[in-house]
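Notes follow once the structure below has been shown.
The values are calculated or read from the model by the stated rules, or taken from the named source; none is laboratory data. Quick caveat: nothing in here was measured; it's all calculated off a predicted structure. All Cβ positions, glycine included, derive from the backbone under ideal geometry; neighbour counts span all protein chains shown. Ligands, DNA and RNA are excluded from the accessible area calculation, which covers all protein heavy atoms including side chains. Shrake-Rupley method; radii C 1.70, N 1.55, O 1.52, S 1.80 Å.
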Amino acid sequence: MIGLNHYLILSLAVFSIGIFGVLTRRSAIGVLLSLELMFNAVCLNFAAFSYFLHTISGQIMVIFIIAIAAAESCVGIALVLSIYRHFKDISVDKVSELKW
């Protein structure tokens with residue numbers, strides 16, 4: 001039987017992979033994908049707690065997080081396209097040049 005601990009361990013693993021990806025990726029697309037992994041880990045936590053505590057608030061939070069993640073993806077892709085048009089590269093290191 002799969003218990004709450006299994007879900008939490010899986011969520012921790014997915015969240016850790018997401019953090020590793022955000023910290024090590026140079027491509028903006030890779031950073032966005034890693035952020036999605038982190039959002040999915042949080043959603044898994046809310047869904048697991050909602051299931052085991054027999055409440056619906058966790059499922060509502062999951063729907064809210066999915067909506068926020070979709071909006072974040074749209075804005076992120078728009079920023080990546082803008083950066084690519086300006087720099088002809090999507091490396092996050094080039095973004096620091098926007099400070100000038």
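If I ask for residues that are open to solvent by 90 Å² or more (accessible area, probe 1.4 Å), in a helix (DSSP H, G or I) and not aromatic (F, W, Y), which ones from the range 47-60 would you list?
Of the residues in the range 47-60, the ones open to solvent by 90 Å² or more (accessible area, probe 1.4 Å) are 51, 53-54, 56, 59-60.
Then drop every residue that is not in a helix (DSSP H, G or I), which leaves 51, 53, 59-60.
Answer for the range 47-60, where residues must be open to solvent by 90 Å² or more (accessible area, probe 1.4 Å), in a helix (DSSP H, G or I) and not aromatic (F, W, Y): L53, Q59, I60.
Given the options L10, L44, name the one that is in contact (Cβ under 8 Å) with a residue 12 or more places away in the chain and surrounded by 17 or more Cβ atoms within 10 Å (Cβ to Cβ).
So the residue among L10, L44 that is in contact (Cβ under 8 Å) with a residue 12 or more places away in the chain and surrounded by 17 or more Cβ atoms within 10 Å (Cβ to Cβ) is L44.
Taking the range 22-31, which residues are over 10 Å from the mean Cα position of the chain (by Cα) and in a helix (DSSP H, G or I)?
L23, T24, A28, I29, G30
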